[in-house]
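Beneath this line is the structure, given in structure tokens, with notes to follow.
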Amino acid sequence: MQPFHIVAIGGTLRAESGTSRALAAALAHAERAGARTTLLTGAAIDFPNFDPDQALSNDAIVRFLDVVRTADALVIGSPGYHGSLSGLVKNALDHIELLRGDSRVYLDSMPVGIVAVAAGWQAAVSTLQTLRTIIHALRGWPTPMGVAINSAAPGNPLADADSQLAVMMQQIDTFLRR
């Protein structure tokens, strides 16, 4: 049996953003469980605004869609900007519309972990809820455990969230092995 392919999508255009680090930490759990992983953050998802008539002429978008097509599971992470997800992440997710004609429409029956990082609980939790709604609309199955990280909390919030990331990734692994 080939290892599962788990793809993480999100982050910001800033190198080493908190969201990108959280996604990398989630994928590290998947790798320890034997999965093959791909991390798509920053420039890898910095596309022009979604235009279904032009999108497939962009090589970066075609590569992105090809990676999503090969995924057994996704992890979507976004910073919380003004109580919701970033335009960068939303635009990348909008491009999944181009999978509507595939044999697996959108993210049909795919487990999807969700992570939100914000400088406060309110924005982190509302971003997490918005991501959950989008994943449902794309026919994905959000994991029961979603991870909200308050980057303004004292100490090391990402390290403090690692046990939650581990549970979320275990839920993906359990789903895939059924």
For this session: For E31 paired with V167, estimate the spin-label separation in nm (one decimal), with each label point 7 Å from Cα along the Cα-to-Cβ line.
Result: 2.5 nm
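Using a ≥ b ≥ c from the Cα gyration tensor of the range 54-178 (square roots of the eigenvalues), is it rounded, prolate or oblate, where a/c under 1.5 gives rounded and otherwise the larger of a/b and b/c decides, a/b for prolate?
oblate
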For this session: Between beta-carbons, use under 12 Å as the cut-off and find the net charge around D173, counting Lys and Arg +1, Asp and Glu -1.
Result: +1
Problem set entry | Hz values of 3J(HN,Hα) by residue in the range 118-125 - Karplus curve (6.51, -1.76, 1.60), Gly and Pro given as x | 8, 7, x, 5, 4, 5, 5, 6
For this session: For D66 and H82, calculate 0.36 nm times their separation in residues minus their Cα-Cα distance, and state this gained length in nm to one decimal.
Result: 2.6 nm
Seminar exercise, completed: Given backbone amide H placed at 1.01 Å from N, residues whose amide H is under 5 Å from that of G120, ignoring those fewer than 5 places away on the same chain, are S151, A152
Exercise. Between the range 99-149 and the range 10-29, what is the C-alpha centre distance in whole Å?
Worked result: 16 Å
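Run lengths n ≥ 4 of DSSP H only: what is the helix-derived mean residue ellipticity at 222 nm for the chain, with -39500 (n - 2.57) per run over all residues, to the nearest 500?
That comes out to -12500 deg cm²/dmol.
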Exercise. Which value in nm describes the separation of the simple spin-label points at W121 and T38, placed 7 Å from the Cα toward the beta carbon?
Worked result: 3.7 nm
Exercise. Where a ≥ b ≥ c are the square roots of the eigenvalues of the C-alpha gyration tensor, would you call the range 36-81 rounded, which needs a/c under 1.5, or, failing that, prolate if a/b is larger than b/c, or oblate?
Worked result: oblate
Exercise. All other residues with a Cβ under 12 Å from the Cβ of F50 taken together, and with Lys, Arg as +1 and Asp, Glu as -1, what is their net charge?
Worked result: -3
For this session: Find the accessible area per residue for the chain; the probe is 1.4 Å, ligands and nucleic acids are left out, and the unit is Å².
Result: 47 Å²
Exercise. In the chain, what percentage of the DSSP-assigned beta bridges are antiparallel, given to the nearest 5?
Worked result: 5 percent
Problem set entry | Sum of side-chain charges, L107 neighbourhood, beta-carbon under 14 Å (Lys, Arg +1; Asp, Glu -1) | 0
Problem set entry | Simple label model, 7 Å out from Cα along Cβ direction - E16 to R104, nm | 3.4 nm
For this session: Just subtract the alpha-carbon distance of D59 and M145 from 0.36 nm times their residue separation and send over the number in nm, one decimal.
Result: 27.6 nm
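The values are calculated or read from the model by the stated rules, or taken from the named source; none is laboratory data. Keep in mind it's a predicted model, so treat the numbers as computed, not measured. Ideal geometry is used to build each Cβ from the backbone, glycine not excepted, and the neighbour counts take in all protein chains shown. The area values use the complete protein model at the heavy-atom level, side chains included, leaving out ligands, DNA and RNA. Shrake-Rupley method; radii C 1.70, N 1.55, O 1.52, S 1.80 Å.
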